[in-house]
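A short worksheet on the structure shown next.
Coordinate-derived values only; no laboratory data. Note that the structure is a prediction, hence the values are computed from the model and not measured. Cβ placement follows ideal geometry from the backbone for every residue including glycine, while neighbour counts extend to all protein chains displayed.
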Amino acid sequence: FWPDAYLLGRIAANHALGDCYAMGAVPASALALAVVPYGPGRFQEAELGDMLEGALQVLSAAGCELVGGHSSEGPELSAGFAITGHVKPADILTKSGLQPGQALILTKSLGTGCIMAAAMRGQAKGRWISSCLEAMAVSSAGAARILRQHGCSAATDVTGFGLLGHAVEMARASQVKLELSLPAVPALPGAAECISAGLLSSLHPTNTKAAAAVVDNHQQLQGQALHPLLFDPQTAGGLLAGVDAGAADACVEALRQAGYADACVVGTVLERLQSEGDAGGEPHMPLITISLD
């Protein structure tokens, strides 16, 4: 998604670490999968070296050892990492721990998908791209610690399925219904402009189709100019977590003081589903209500 191999390596490593942090784990080791473009050997070696240098800086800062991997040739530069982390069984955070009455906290703004889509078409302003790249380079390690300190009972990282898709995963796993507030969802600079211009990620249609059946006011949502932000796939996105309502304000303030300036409450956990079969037997039943004001 970005031609600078060093920066790509940093963001790809950060993206991979997000899963580990979302589960309350401490990253320990990583395996790399790198693809370098076809070309002269010297060029490929330089690209691979720059990519790994960027990744190693992020992994080392996280206390995570790069222990091996695989590289190959392909049509474009890409990188991915498989992370192994350690956590005590009693301390594992999953998507299934949401409790009715909790606040849903998001630690980063949304919009990386549409901004990168605009950049690929040469239609994104430089300051939008710069802000987007900076956001993707921010680690979620500190956010995970702060959420845990404030009693977080469930979390996930917001990545390819978008905020709404990952919220649905948490609702199903926790057997609850959720309410998300569209006006409360933070957007990266330029995201609204990209959405308005129809500059959306290639993953956007799939995310929209998958989530449509589980939003109980989907028709009303279509009339909101920024509703595509909920479906925008994220690279190295933030964490979405459930925290008791009484601790939410203090948690958000702690996150902001730690550098997560856009952290905020974006929703609420509503009632439990009537029975386990409600979610298991009807995978497309409405689980999410979107507040529009």
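Would you grab the residues whose amide H sits under 5 Å from the one on residue 264? Only those 5+ places off in sequence or on another chain, please, with H modelled 1.01 Å from N.
Counting only residues 5 or more places away or on other chains, the set is 106.
Using 7 Å Cα-to-Cβ label points, what is the residue 78/residue 192 separation (nm, one decimal)?
So the two model labels end up 3.4 nm from each other.
If a paramagnetic tag sat 7 Å from the Cα of residue 202 along the Cα-Cβ line, which residues of the range 1-29 would have the backbone N under 16 Å from that point?
Answer for this model: 1-3.
If you average the C-alpha positions of the range 164-203 and of the range 45-72 separately, how far apart do those two centres end up, in angstrom?
31
Cα to Cα, under 25 Å, and not fewer than 8 places away if on the same chain: which lysines meet these conditions relative to residue 177?
Answer for residue 177, where 25 Å is the Cα cut-off: 95, 108, 209, listed by chain and number.
Residue 28's amide H: which non-local residues (gap 5+, or another chain) put their own amide H closer than 5 Å, with H modeled 1.01 Å from N in plane and none for Pro or chain starts?
Residues meeting the amide H criterion: 84, 85, 86.
Apply the Karplus curve 6.51 cos²θ - 1.76 cosθ + 1.60, θ = phi - 60°, to the phi angles in the range 183-191 and return the couplings in whole Hz, x for Gly and Pro.
x, 7, 5, x, 10, 5, x, x, 5
Highest GNM mean-square fluctuation, the chain, Cα pairs closer than 10 Å: which of 38, 260, 21?
38
For residue 249 and residue 38, calculate 0.36 nm times their separation in residues minus their Cα-Cα distance, and state this gained length in nm to one decimal.
Result: 70.9 nm gained on full extension.
In the range 174-209, which residues have a backbone nitrogen under 20 Å from the label point lying 7 Å from residue 216's Cα in the Cα-to-Cβ direction?
Within reach of a label on residue 216: 174-184.
So what does the Cα-only Debye profile of the chain read at q = 0.07 Å⁻¹, as log10 I(q)/I(0), no solvent term?
With one equal scatterer per Cα and no solvent, log10 I(q)/I(0) is -0.26.
What is the list of residues in the range 211-227 whose amide nitrogen lies under 17 Å from a point 7 angstrom out from the Cα of residue 121, following Cα to Cβ?
226-227
Check the chain for me: any Cys whose beta-carbon has no other cysteine beta-carbon within less than 4.7 Å?
Taking the Cβ cut-off of 4.7 Å, the unpaired cysteines of the chain are 20, 64, 132, 152, 251, 264.
For the range 66-222, take every pair of Cα atoms, bin their distances at 5 Å starting from 0, and report each bin as a whole percent.
Spelled out per bin, shortest first, that is 1, 7, 14, 17, 19, 16, 14, 8, 3, 1, 0.
Of all beta bridges DSSP finds with both residues in the chain, what is the antiparallel percent, to the nearest 5?
The antiparallel fraction comes to roughly 60 percent.
What is the extension gain from residue 145 to residue 45, computed as 0.36 nm multiplied by their sequence separation minus the C-alpha to C-alpha distance, in nm to one decimal?
Computed gain between residue 145 and residue 45 is 32.3 nm.
Return the whole-Å distance between the Cα centroid of the range 88-103 and the Cα centroid of the range 239-270.
Their Cα centres are 15 Å away from one another.
May I ask you to evaluate 6.51 cos²θ - 1.76 cosθ + 1.60, the Karplus curve with θ = phi - 60°, for each residue of the range 44-50 and list the ³J(HN,Hα) values in order in whole Hz, giving x for glycine and proline?
Karplus values, whole Hz, x for Gly and Pro: 5, 5, 5, 4, 5, x, 5.
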